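Working notes, beginning with the structure itself.
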Amino acid sequence: MRPSTPMSPHGTLLQGIATPLPASVVRGLVPAQVVAGRYRVERWLGAGGSSTVYEVTDLHRNERVALKLLAVPHAEPHLVTRFLQEVQYVRALEHVNILRVFDAGSDGERHFLTMELLEGSDLRQVLAERRPTWAEALRWLTHAAVALEHAHGRGVLHRDVKPANLFVTRIGVLKLMDFGLAKSMHVAGTTAQGAVLGTPEYMAPEQVMGTPAVSPATDLYALGVVAYQMFTGQLPFRHEQPVPLMFLQVQQAPVPPRTLCPDLPEPFERVVLKLLEKRPEDRYPDAAALRTALAKLWPYAFKAPA
Ligand SMILES: Nc1ncnc2c1ncn2[C@@H]1O[C@H](COP(=O)(O)OP(=O)(O)O)[C@@H](O)[C@H]1O
Ligand SMILES: [Mg+2]
């Protein structure tokens, strides 16, 4: 299944640096290479905005784990701080639908995190191959909603919910991962002023505009974009350039999902459109309310073949 091409030419925007990074600044690991005297590289698993993930053997414990390497050697301190911040946030979260992160380390100028190794593929890869059934989409959205409910309940906003950061394991359990852009709801201003964080295709209007402040509703919007994609097979807003795309998030009403997929039961469409409301206060009040709304969709999920 791997490697796959990203669905969008734009990676995560990290402090204004658009990705993918030029090959010259990406330093990859090779199989059998040992990192920090402890992790032997087995194979490449995936890459995101500013890091690359490998399957490695932890030679101390003789077990397989995933190792996420910050792909920028000699990275500026703020990038390193942000990269390592992920451990702090995720450590406070323990949930079956959230990827477990073990440790942070460095090997000279290379910084890395170790994480639970997952088997399966991220939702971006799944969606590149096929359209999920309504029942699958409903199950995955529910898993994502309970993961967000847990994170938000502990004061953590994810801020980069998108298919590449949602992993579907072999047995069909969805895990929310990559808290690299996460933010504490209780600590103001970890983001440099004017910096745009997020992925344009999934960015809520308030994330684009910088006002009102990002909140749990910001993650719900991004999940709404994912839901739209699962039910219709396309993104609600598309543009080749990130800036015009961000303006579509703010200004344009999405084409109702049933215009594209007339078979989709109306209650599904209502949930998706509520998640995509421009004003955060018009979305669900929290992830728990979304979970409740999703639970009511089950009777419709098996009505007709998707
Ligand atoms: N623990 C893991 N097990 C298996 N694959 C993983 C794991 N973590 C990440 N991946 C793969 O690597 C990709 C990038 O990981 P991610 O944490 O999102 O990095 P980034 O911060 O660079 O976006 C994911 O989309 C996924 O395909
Ligand atoms: Mg990612």
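Quick notes
- The set of residues in segment 109-147 being over 20 Å from A293 (Cα atoms) and more than 10 Å from ligand 1 (Cβ to nearest atom) consists of E109, R110, H111, F112, V126, L127, A128, E129, R130, R131.
- Members of segment 75-100 that are of a type in the set (V, I, T) and either at pLDDT 95 or above or not assigned by TED's automatic domain parsing to the domain that holds V41 (or both): V96, I98
- Some residue of segment 102-123 being closer than 16 Å to M230 by Cβ and out of contact with any helix residue (DSSP H, G or I) (no Cβ under 9 Å at 6 or more places or on another chain): no
- For segment 148-172, the candidate set comprises residues that are charged (D, E, K, R), within 15 Å of ligand 1 (Cβ to nearest atom) and open to solvent by 20 Å² or more (accessible area, probe 1.4 Å); within that set, the residue that is modelled with the lowest pLDDT is R159.
- When residues of segment 50-74 are limited to those that are open to solvent by 20 Å² or more (accessible area, probe 1.4 Å) and at pLDDT below 90, the one farthest from ligand 2 (Cβ to nearest atom): H74
- Within segment 182-199, if we keep just the residues that are touching a strand residue (DSSP E or B) at 6+ places or on another chain (Cβ under 7 Å) and of a type outside the set (S, T, Y), the residue that is modelled with the lowest pLDDT turns out to be V196.
- Residue in segment 245-260 that is among the aromatic types (F, W, Y) and open to solvent by less than 20 Å² (accessible area, probe 1.4 Å) present: no
- Restricting the first member to segment 141-163 and to residues that are closer than 22 Å to E269 by Cβ, and the second to residues that are aromatic (F, W, Y), the beta-carbon pairs closer than 6 Å and six or more apart or on different chains are K162/Y202.
- For segment 222-266, the set of residues classified as basic (K, R) and part of a helix (DSSP H, G or I) consists of R258 only.
- Of all residues in segment 268-289, at least one satisfies being open to solvent by less than 20 Å² (accessible area, probe 1.4 Å), assigned by TED's automatic domain parsing to the domain that holds T133 and assigned to a loop (DSSP other than H, G, I, E, B).
- Residues (among the aliphatic types (A, V, I, L, M) and buried (at least 17 other Cβ atoms within 10 Å of the Cβ)) located in segment 91-126: L93, I98, L99, V101, A104, L113, M115, L117, L118, L123, V126
The values are calculated or read from the model by the stated rules, or taken from the named source; none is laboratory data. Owing to the predicted nature of the structure, the values given are computational and were not obtained by experimental measurement. Cβ: placed from backbone, ideal geometry, glycine included. Neighbour counts: every protein chain shown. Accessible surface areas use protein heavy atoms only, side chains included; no ligands, DNA or RNA. Shrake-Rupley method; radii C 1.70, N 1.55, O 1.52, S 1.80 Å.
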